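Visitor: Once you've had a glance at the structure underneath, I'll fire off some questions.
The values are calculated or read from the model by the stated rules, or taken from the named source; none is laboratory data. Please read all numbers here as calculations on a predicted model, not as lab measurements. Positions of Cβ are backbone-derived with ideal geometry, glycine not excepted, and every protein chain shown enters the neighbour counts.
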Amino acid sequence: MNHRTLLENQQGGHPSCGFRRYLQLAEKHVRNATGRTNQASRLIRQSYSLKHTITNQWSSLIGLRPGLCGLNGSQSNTDEEKQRVAINCRRGQKTRLDHFSRKALPSKILVTGFGAFPGARQNPTALLIPKLSRHRERLARLGIELQCAVLPVHYAKAASKLQELDEALRPDAILHFGLAARRKFLSIETRALNRLSLLHCDARGARAPSRAIIAGAPFALRTTFPSREIAAALRRAGLRSRLSINAGDYICNETLYLSLAHARARVIGFIHVPRPRRASLRKKPVGRIRPRADDLVRAALIAILLSAQKLRQIS
């Protein structure tokens, strides 16, 4: 026998209207309280999985499978481990996700492109920089502070500009992007050579002052970013890419060599991109066409995420 029946029997089966109203209000408050409790429980569960959700969305966006970049902390594969993480969060204890966030927050990644030069009135890497800047807020949620700059194609200003950026921004990683107009694929450079061509002019029509970038320095310096991992991830994302041991003998090679020789960043690399194709042009087979401008953005995001993972591993 419920409370309503009991109370009605006590009053002869004819409860007053006021008493009925009281019971209705009491039941309404109980339903509202139960709804608020369920809503609070849902919000707590959503907050626990927020970092995994953000990372999985990013992985889907750039064409990688979730968890590949290692930016989602430690995955909780079992229900027992998920429950333990939730209990620790409610108690205010530190978890491995908190440890990752604390380590990833200071990570600063500088991404650079180049301006116009003879033979390339419109450099696609200069157009890449503002497109990447739109993702700055999303990358910040993963503990990555994105910094962007466009470098001038000037022999005389290459060293001073790099030094200025290094002292002002103090990046933990540097990713350079340059144009290789004759190539049809993304080139992941693995080294820079201490040489310059005396034939090619820069944007101001000047030539290199000497054959060597730094007199008496080693002939070759290897890049420190995860080149093989980036190349493999690009291929899995459907983007043509290859490892390269020849960054050329122009300002691209000079920029990479100076960064490896003088910059304080722990992860430094260079990616040469081809001229992007128009979205409407598709005359050649799929495996031979150049990437589109949107593909360059995806490639840059993949390189940024994997470089952030490398920073986390060596820190």
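Visitor: When you scan segment 135-149, how many residues do you find that are more than 20 Å from Glu164 (Cα to Cα) and touching a helix residue (DSSP H, G or I) at 6+ places or on another chain (Cβ under 9 Å)? Don't jump to the end; show me each part of the working.
Guide: Let us first name the residues in segment 135-149 that are more than 20 Å from Glu164 (Cα to Cα), namely 135-144.
Filter once more, so that each one left must be touching a helix residue (DSSP H, G or I) at 6+ places or on another chain (Cβ under 9 Å): 135, 138-139, 141-144.
Residues in segment 135-149 being more than 20 Å from Glu164 (Cα to Cα) and touching a helix residue (DSSP H, G or I) at 6+ places or on another chain (Cβ under 9 Å): 7 in total.
Visitor: To continue, here is another question. Could you please let me know if Ala149 is modelled with pLDDT under 95 and small (Gly, Ala, Ser)?
Guide: On the way: modelled with pLDDT under 95: no; small (Gly, Ala, Ser): yes.
No.
Visitor: A follow-up question, please. If the requirement is being buried (at least 19 other Cβ atoms within 10 Å of the Cβ) and either modelled with pLDDT of 95 or more or charged (D, E, K, R) (or both), which of these qualifies: Leu243, Leu196? First the steps, then the outcome.
Guide: Details: Leu243 fails: buried (at least 19 other Cβ atoms within 10 Å of the Cβ).
The conditions single out Leu196.
Visitor: Now, a different point. Given the conditions (1) in contact (Cβ under 8 Å) with a residue 24 or more places away in the chain; (2) part of a loop (DSSP other than H, G, I, E, B); (3) more than 16 Å from the chain's Cα centre (by Cα), report the number of the one that Glu254 does not fulfil.
Guide: (2)
Visitor: Please state which one of Arg170, Arg191 is farther than 20 Å from Arg275 by Cα and either surrounded by fewer than 19 Cβ atoms within 10 Å (Cβ to Cβ) or outside the structural domain of Val111 (by TED's automatic domain parsing) (or both). Show your work before the answer.
Guide: Values: Arg191 fails: either surrounded by fewer than 19 Cβ atoms within 10 Å (Cβ to Cβ) or outside the structural domain of Val111 (by TED's automatic domain parsing) (or both).
Sole residue among the options that is farther than 20 Å from Arg275 by Cα and either surrounded by fewer than 19 Cβ atoms within 10 Å (Cβ to Cβ) or outside the structural domain of Val111 (by TED's automatic domain parsing) (or both): Arg170.
Visitor: Among the numbered criteria (1) farther than 24 Å from Leu127 by Cα; (2) surrounded by fewer than 19 Cβ atoms within 10 Å (Cβ to Cβ); (3) touching a Phe, Trp or Tyr at 6+ places or on another chain (Cβ under 6 Å), which single criterion is violated by Ala208?
Guide: Unmet for Ala208, out of (1) farther than 24 Å from Leu127 by Cα; (2) surrounded by fewer than 19 Cβ atoms within 10 Å (Cβ to Cβ); (3) touching a Phe, Trp or Tyr at 6+ places or on another chain (Cβ under 6 Å): (2).
Visitor: Based on what the data block shows, is Ala220 in the same structural domain as Lys157 (by TED's automatic domain parsing), at pLDDT 95 or above and touching a strand residue (DSSP E or B) at 6+ places or on another chain (Cβ under 8 Å)?
Guide: yes
Visitor: Residue by residue through segment 266-275, note down the ones that are farther than 19 Å from Ala220 by Cβ and either of a type in the set (A, V, I, L, M, F, W, C) or crowded, with 21+ Cβ neighbours inside 10 Å (or both).
Guide: Taking segment 266-275 and keeping what is farther than 19 Å from Ala220 by Cβ, we get 266, 273-275.
Answer for segment 266-275, where residues must be farther than 19 Å from Ala220 by Cβ and either of a type in the set (A, V, I, L, M, F, W, C) or crowded, with 21+ Cβ neighbours inside 10 Å (or both): just Val273.
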